[in-house]
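Q: Below is a structure I'd like to ask you about.
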Amino acid sequence: MKRTPSSLLFSASLLLGAGTAHAALPAEATLYKNPQCGCCDEYARHLEEHGVEVTIVDDVELGKVKQDAGLPYGLGSCHTIEMGEYVIEGHVPMEALERLFEERPDTDGIGLAGMPIGTPGMPGPKQEAWNVYQFRDGEPQPFMTL
């Protein structure tokens, strides 16, 4: 079979696209935080580096935001994000966000409790496994461990 330059170019572009394809993150997100929290600003920058435009809201009752989002009690972090149709709680690594938006499970959102060292926005080397959970109506379930 004879290949023309245009068919070779088309085939190469298909292969290149397949090699770089991944779940598209939403173009925008809203991050709710305490005004003094710098690690939340770092997490916003992390999202922006991945092409997400982040609006930061730091003049809101954060506890009310978390309650309205249906966040499981005791599994909060320093910031809450609305992203697409989901809520993201805390310093969730990009691998979990990509999986969420690739699989689009029937859940309210995902989170990573606390402020684990080494996660996006938190300085230092990773010290333990990160247990990302998903939640619906305030009830957590395992999502993935990184």
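Each value in this text was obtained by applying a stated rule to the coordinates, not by laboratory testing. Since we're looking at a predicted model, the values are computed, not measured. Here the Cβ positions follow ideal geometry from the backbone for every residue, glycine too, while neighbour counts run over all protein chains shown.
Q: Please identify the pairs in which a residue from the range 70-95 that is of a type in the set (S, T, N, Q) has its Cβ atom under 7 Å from the Cβ atom of a residue that is assigned to a strand (DSSP E or B), counting only partners at least 6 apart or on another chain.
A: As it stands, the answer is SER77/GLU89; SER77/GLY111; THR80/TYR32; THR80/VAL87; THR80/GLU89, since those pairs meet every condition given.
Q: Of the residues VAL54, VAL132, only one is surrounded by 14 or more Cβ atoms within 10 Å (Cβ to Cβ), within 14 Å of LEU31 (Cα to Cα), hydrophobic (A, V, I, L, M, F, W, C) and in contact with a helix residue (DSSP H, G or I) (Cβ under 9 Å, 6 or more places away or on another chain); which? Let's see the steps before the verdict.
A: Working: VAL132 fails: within 14 Å of LEU31 (Cα to Cα).
Result: VAL54 is the single residue among VAL54, VAL132 that is surrounded by 14 or more Cβ atoms within 10 Å (Cβ to Cβ), within 14 Å of LEU31 (Cα to Cα), hydrophobic (A, V, I, L, M, F, W, C) and in contact with a helix residue (DSSP H, G or I) (Cβ under 9 Å, 6 or more places away or on another chain).
Q: Another question, if that's okay. Looking at TYR32, is it in contact (Cβ under 8 Å) with a residue 60 or more places away in the chain, touching a strand residue (DSSP E or B) at 6+ places or on another chain (Cβ under 6 Å) and assigned to a strand (DSSP E or B)?
A: Considered against the rule, which asks whether it is in contact (Cβ under 8 Å) with a residue 60 or more places away in the chain, touching a strand residue (DSSP E or B) at 6+ places or on another chain (Cβ under 6 Å) and assigned to a strand (DSSP E or B), TYR32 comes out as no.
Q: Oh, and also: With the checklist (1) touching a Ser or Thr at 6+ places or on another chain (Cβ under 6 Å); (2) over 18 Å from CYS37 (Cα atoms) in hand, flag the one item GLU89 doesn't pass.
A: Failing condition for GLU89: (2).
Q: If I ask for residues that are in a loop (DSSP other than H, G, I, E, B) and more than 14 Å from LYS33 (Cβ to Cβ), which ones from the range 47-70 would you list? Give the steps one after another, and end with the answer.
A: Let us first name the residues in the range 47-70 that are in a loop (DSSP other than H, G, I, E, B), namely 50-52, 58-61, 70.
Result: HIS50, GLY51, VAL52, GLY70.
Q: So the check is Cβ under 8 Å with 6+ separation or different chains; which pairs have a first residue in the range 123-137 that's over 16 Å from GLY76 (Cβ atoms) and a second one that's assigned to a strand (DSSP E or B)?
A: ALA129/THR145
Yes or no, residue by residue, for (1) of a type in the set (Val, Ile, Thr); (2) closer than 17 Å to ALA24 by Cβ; (3) crowded, with 22+ Cβ neighbours inside 10 Å:
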| position | (1), (2), (3) |
| --- | --- |
| GLU85 | no, yes, no |
| ILE88 | yes, yes, yes |
| GLU98 | no, yes, no |
| GLU103 | no, yes, no |
| ASP108 | no, no, no |
| GLY111 | no, no, yes |
| ARG136 | no, no, no |
| GLN141 | no, no, no |
